[in-house]
Each structure stands twice: as structure tokens, then as C-alpha cells.
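Accompanying notes for the structure given below.
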Amino acid sequence: MKAPKLRIRPAVALLIVLVAWLLLTGIAPAAAAPAALIVQGGATILGTIPGPALLVLVLVLGWTLNRKFPPAAVPTTTAPAPKRTKPKRPAPRTA
């Protein structure tokens, strides 16, 4: 059995180099500040919503995203649907 080869994608290699450069130059804390502010703001918003309301929101979101059958389109008219007919067979070819 062959041993699997380790393959590093170029995008991953560039990301590793960028992170290493940020850590070495000391810019990483400043670069992480916007992400920390976003997380802190989201925590503040979630903290202001009461628990039962948050639970209802999560349940409604989960139910909406995981419905097995989406709602059917409402017909615009009340006329009956046209009957389906079988397609006619072509006449046999004679040469």
C-alpha cells in the first residue's frame, strides 16, 4: 500500500506565510482587533435578547431551513388544470 503524499495547496501556503509574517512583525494583534470587535458586538446583541425569545428565534430558523416540503405556490386562477394527453406516435416509415 502506498503512503499518501502530503500536498499543500498554494492558497494554504500563502495564508501560512501571511500569518507567520504578521506574527513576526507584531501586526497580528492589530489585525485581530476588528474580528474581536465583531465577536464582542455579536455577544452584546445576543445578550440583550431574552432567553425564551432567543430560543423561539432559533427554533423558527431551524424549522424554516430544514422543512422537508417547501410551501406550494398559490395558483393564480381557479380554472381546472388542462388534461394531459398522450403524444401521438409517428407513422411508421416506409422506404
* For the chain, accessible area per residue (1.4 Å probe, heavy atoms of protein chains only), Å² -> 105
* Structure fact -> Across Val58, Val39, Val19, the residue with the highest GNM fluctuation in the chain (Cα network, 10 Å cutoff) is Val19
* Asked: How high is the FRET efficiency from Trp63 to Ala35, r the C-beta distance, R0 25 Å, rounded to 0.05?
  -> 0.20
* **Shape box of the chain [Cα atoms, principal axes, largest first, Å]** => 83, 55, 30
* Kindly provide the helix-only [θ] at 222 nm of the chain, computed as the sum of -39,500 (n - 2.57) over DSSP H runs of four or more divided by all residues, to the nearest 500 deg cm²/dmol? => -18500 deg cm²/dmol
* Asked: Tell me, what % of the accessible area of the chain is carbon and sulfur with a 1.4 angstrom probe?
  -> 72
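The values are calculated or read from the model by the stated rules, or taken from the named source; none is laboratory data. As the structure is a computational prediction, the values presented were derived from the model and not from experiment. Neighbour counts are summed over all protein chains in view; Cβ atoms, including those assigned to glycine, are modelled from backbone coordinates with ideal geometry. We work out accessible area using only protein heavy atoms, side chains counted, and drop any ligands, DNA or RNA first. Shrake-Rupley method; radii C 1.70, N 1.55, O 1.52, S 1.80 Å.
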